């Protein structure tokens, strides 16, 4: 199946809407819909990044996609190493980047956040997983794609990152909210003091990695989190589940969101204080 013969009228309509600027670039929304991505692929104005395992990419992938397994990024998770990855993928400062996975969007979110952290703001998550893409009958290919190296500037966005010192100070400040993205039982077992629980399982919907923005907004409000608060998201280990929370909150219009990418694993290893529920009951297990 090709781009031209799959839902042609729909893609033609979207093509009329998408406006490329004078530098031949397009500013992505934080969550990229399928039709927008297909138009950008057709126009060759996007870098699509597949963060599944290399063998899964080899079997088939979205047309024009390059392979970047999450494990490759985590091997050397430093700004300079991430910058090298961008340059090796042929990503210039303004080229739109859309990232996808087959794991609820969590792996893609961690990579997308990393790209934004080193200064590639024009990075988005694909609204669906690869399985959803394939099940929808959309085009795939087996060609192994690569692109010439290019230069990319390093412009670290400190406003979206939190280290352990920042978290330690923030947990005592009323205008800053720690959000634990793990499942409810893990949260109840132990968590960073004063954190609120927003399980990643509550963020998605059928066919999409995230609920609609207005639904996320209501969910945030129901958890007692002010929409104008600064939120610091963390999860169990490397910031994948909390990366998805980061993008969910941003999609809902929350401007001040940070990721504690080293998450609870680092917090525990450093012997930082923990909080737990000794006698949780049925209602404690509910995140609603």
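The values are calculated or read from the model by the stated rules, or taken from the named source; none is laboratory data. If you're wondering where the values come from, they're calculated on a predicted model, not measured in any experiment. Using ideal geometry, Cβ is built from the backbone for each residue, glycine included, and neighbour counts are taken over all protein chains shown.
Remarks
- For residue 148, the conditions (1) more than 14 Å from the chain's Cα centre (by Cα); (2) closer than 25 Å to residue 76 by Cβ; (3) buried (at least 19 other Cβ atoms within 10 Å of the Cβ) are fulfilled apart from (3).
- Hey, residue 204 surrounded by fewer than 19 Cβ atoms within 10 Å (Cβ to Cβ) and either in contact with a strand residue (DSSP E or B) (Cβ under 6 Å, 6 or more places away or on another chain) or in contact (Cβ under 8 Å) with a residue 24 or more places away in the chain (or both) or not: yes
- Here residue 145 fulfils each of the conditions (1) in the same structural domain as residue 255 (by TED's automatic domain parsing); (2) touching a strand residue (DSSP E or B) at 6+ places or on another chain (Cβ under 6 Å) apart from (1).
- Any hit, segment 154-177, residues being closer than 30 Å to residue 60 by Cβ, touching a strand residue (DSSP E or B) at 6+ places or on another chain (Cβ under 7 Å), touching a residue at least 60 places away in the same chain (Cβ under 8 Å) and crowded, with 16+ Cβ neighbours inside 10 Å: no
- Looking only at segment 86-110, and only at residues there that are over 17 Å from the mean Cα position of the chain (by Cα) and at pLDDT 95 or above, the one that is farthest from residue 60 (Cα to Cα): 93
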